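We did not get these values from a lab; they are worked out from the coordinates using the rules stated. No experiment lies behind these values; they were computed from the predicted model shown. In this analysis, Cβ positions are derived from the backbone assuming ideal geometry, glycine residues included, and neighbour counts consider all displayed protein chains.
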Amino acid sequence: MKSVDRHLTDILATVQPLAPLEVDLERAHGTVLAEDVASPVALPPFDNSAMDGYAVRAADVAGAPVVLPVIEDVAAGDSELRAMGPGMVTRIMTGAPVPAGADAVVPVEWTDGGTVRVTVHRPAPAGNAIRRAGEDVHAGEIVLREGSVIGPAQLGILAGVGRRRVLVRPRPRVVVISTGAELAEPGTSLGHGQIWESNSFMLAAAVQEAGGEVFRAGAVTDDPQRFLSALEAQLVRADAVITSGGVSMGAYEPVKEALAPLGKVVFEKVAMQPGMPQGFGVVGDDDVPIFTLPGNPVSSFVSFVLFVEPALRKMRGLPEGPPRTVRATTTAYLRSPAGKRSYLRAVLSGETVAPVVGQGSHQLAALASANALVVVPEEVTELPEGAEVEVIPL
Ligand code: AMP
Ligand code: MG
C-alpha cells in the first residue's frame, strides 16, 4: 500500500499554481495577491482633523478658558484652500483638511459648541487631534506583498490606496460530482435502498472554505458513460475536479471504470483509515487534476483534508505542505489498525482531545460533532489514555 505522505507528494508534484490574472476589487476577495502593491500617495494625503471640534492656534487657547470668534466651517470633503489668522478659529469636522495657520484641534466636548463665538474650556497642545499626512503610509510605500491572501482588511487597504484592479492568483474553480445509484437529492423522499446525497454539499463547502470557487454538479448514477458525459460537460469550467464514490473494489464502480482505461488517473490503496481507496490524475485536453475520493462520507471528508486542501493551497500560490497539526493529550484509550495511519474524529479542547463515539467511515453525525482528527501512526495499534498525540484541527 502507498503511504499517505507519498500520495500527497505525488499530488503536489502534479498540481501547479494557477496563472495570475487581473481582476476588479469586487472579484478579489479570497484570491492571493500576485504583485507587490504600493501606494501612489501618502495616507492620509493631507493633515486632517481626528475629531469634530475647532481648528485653533495652540497659543490662542493656552490661557483657557478663552472666547474666540468662529470665522467659518470646514467639513470633510471641503476642497477650498483655507487659512486663518491669529486669534481666530474654524469649526472643523472629522476628516476635514486642517486650515493653514491652525496647529491644533480642540474637540467640541471641550467647548460650548458656539458657531459665532466659541468658549474653549481647556487648552490643547500643538498637534492635538490632527492626523498628519503620511502617518499611515508614505508615498511609494508597499502596503501588501505578493502572496498575501486577500481578506476584508486587505481589500480595505487596496481600495484605500486607490486600486480598482489587482493582479491575483484566482480562487481555483472546482467541480464536485457525486456518484451512486442509491443517492437521492435531499428534500425528496427516500425509496427503499436509497440514502440522501450528502457528499457533494459537504465537499462543496470544504472547497469554499479552502478558498476555491465551487460548482456542485450533483449526483450521477453508477453508469460509467453517464459519469463521463457529466464530467466532460463540467470540464470547461474546472481547474480541478473532485468526485466521490465509485472507486472501491466492488462492481458498479463508475469512476474507476470510466477513468482507468484513459490511463491518466491512477487508482490505488493508500495506507490510511478511513479512506483507503484513492485515485488521482488528470483529465481532458488541459490535464485538469482530478481527485477521485471514496464514497463513504467520512472517508471523503478526511481525504479532502489530507489531499485536496493542500493541493488547493498550492494552486492558490500559497506555501505547500501537509495539514497543520498540534499536540494534545488523549482523554481515552485509542485503537488503530496496524499498517495504516488512522484519523480518528475527536473533540479538541485546549490541550486535551477526546475521540467521539462512532468511528465508522459512514458515521456522518459523529463527524459533525468533531472538530479535530487524531493522527495515529501506521505502526501504533493502541495508545493509553493520557498519551500525547498529533491532532489536525478542523
Ligand atoms: P462507494 O465508494 O461508491 O462504494 O460508496 C461507499 C459508501 O458511501 C456507500 O455506502 C455509499 O452509499 C456511500 N456514499 C457514496 N456516495 C455518497 C454520497 N454522495 N453521499 C452520501 N453517501 C455516499
Ligand atoms: Mg457507489
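Some values worked out for this structure:
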| quantity | calculated |
| --- | --- |
| Per-residue Cβ neighbour rank within 10 angstrom, fewest leading, Tyr333, Tyr54 | Tyr333, Tyr54 |
| Column: log10 I(q)/I(0), Debye, Cα scatterers of the chain, q = 0.11 Å⁻¹ | -0.82 |
| Packing-based exposure ordering (other Cβ within 10 Å, fewest first) of Thr292, Thr94, Thr9 | Thr9, Thr94, Thr292 |
| Extension reserve of the His362-Ala50 stretch, reckoned as 0.36 nm per residue once the Cα distance is removed | 106.4 nm |
| Sites Ala76 and Thr352, calculated FRET efficiency, Cβ-Cβ separation with R0 56 Å, nearest 0.05 | 0.60 |
| Sequence ranges 243-249, 84-90, ranked by mean other-Cβ count within 10 angstrom, highest first | 243-249, 84-90 |
| For the stretch 280-394, convex hull volume per residue from C-alpha positions, Å³ | 114 Å³ |
| Likely footprinting exposure, Lys340, Lys2, fewest C-beta neighbours within 10 Å first | Lys2, Lys340 |
| Cross-link partners of Lys269 among lysines (Cα-Cα below 18 Å; sequence separation of 8 or more within a chain) | Lys2, Lys256, Lys340 |
| Overall dimensions of the stretch 85-135 as given by Cα atoms, namely Rg and Dmax in Å | 11.0, 33 |
| Estimated inter-spin distance, Val41 and Thr9, nm [label 7 Å along Cα→Cβ] | 5.4 nm |
| Along principal axes, Cα extents of the stretch 350-394, largest first, whole Å | 26, 25, 16 |
